[in-house]
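Let me begin by presenting the structure, written as structure tokens, before commenting on it.
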Amino acid sequence: MKSERTSEGDAFAQFSIAVIRLAGHLQAEGDVLAKPAGQTSARWQVLAAADHAPMSVADAARALGLARQGVQRLADLLEGEGLIAYRDNPAHQRAKLMELTETGRVALSDIQGRQAQWADRHGSAFGEAKLREATAVIAEVMASLAR
């Protein structure tokens, strides 16, 4: 078996490591942004998914690229704290739909306000064109890996 990589393989390996490290930094930054609202990055993601449209836990997990069981655990915690509510799903008898409560909307809005300032600050440091190009490359890699 070949053990040496091509220069393209080296570049992809370095890219992969950089993205993994970036994900860790973004998770930590998300926790900082969500903490004043009493939330974490993971809980924020579920709140945002429920705000996007009424969806089941399984739908939210697929959209977020997370395990359904993990999203279910978070959704149940959020429901217990009155941030989301489950309602009947006309398309599926057992898979309830999540929706934000007013308390959940307030918490999400609080986080989104801090996130907007954070994103604007970091966005201006790199510029729109460069960030859109990087986003396109990441989207291509994700699509390729999903095949």
TODO: In nm, give the distance between the simple-model label positions of Ile17 and Ile138, each being 7 Å from the Cα along the Cα-to-Cβ direction.
DONE: 1.9
- [ ] Run the quick spin-label model on Gln112 and Glu4: label points 7 Å from Cα toward the beta carbon, then report their separation in nm to one decimal.
- [x] 5.4
Task: For the stretch 139-144, Karplus couplings with θ = phi - 60° (6.51, -1.76, 1.60), whole Hz, Gly/Pro x - done: 4, 5, 5, 4, 5, 5
Task: Inter-site label distance for Arg62 and Leu131 at 7 Å from Cα along Cβ, in nm - done: 3.0
Task: Stretchable slack from Leu77 to Gln93, in nm (0.36 nm times residue separation minus alpha-carbon distance) - done: 3.6 nm
Open item on the list: I'd like to compare 122-130, 99-107, 42-50: which one has the highest average count of other Cβ atoms within 10 Å, and what's the full order after that?
Closed with: 42-50, 99-107, 122-130
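Where a number appears in this text, it was derived from the coordinates with a stated rule and is not lab data. As the structure is a prediction and not an experimental result, all values here were calculated from the model. FYI the Cβ positions are ideal-geometry reconstructions off the backbone, even for glycines, and counts take in every protein chain you see.
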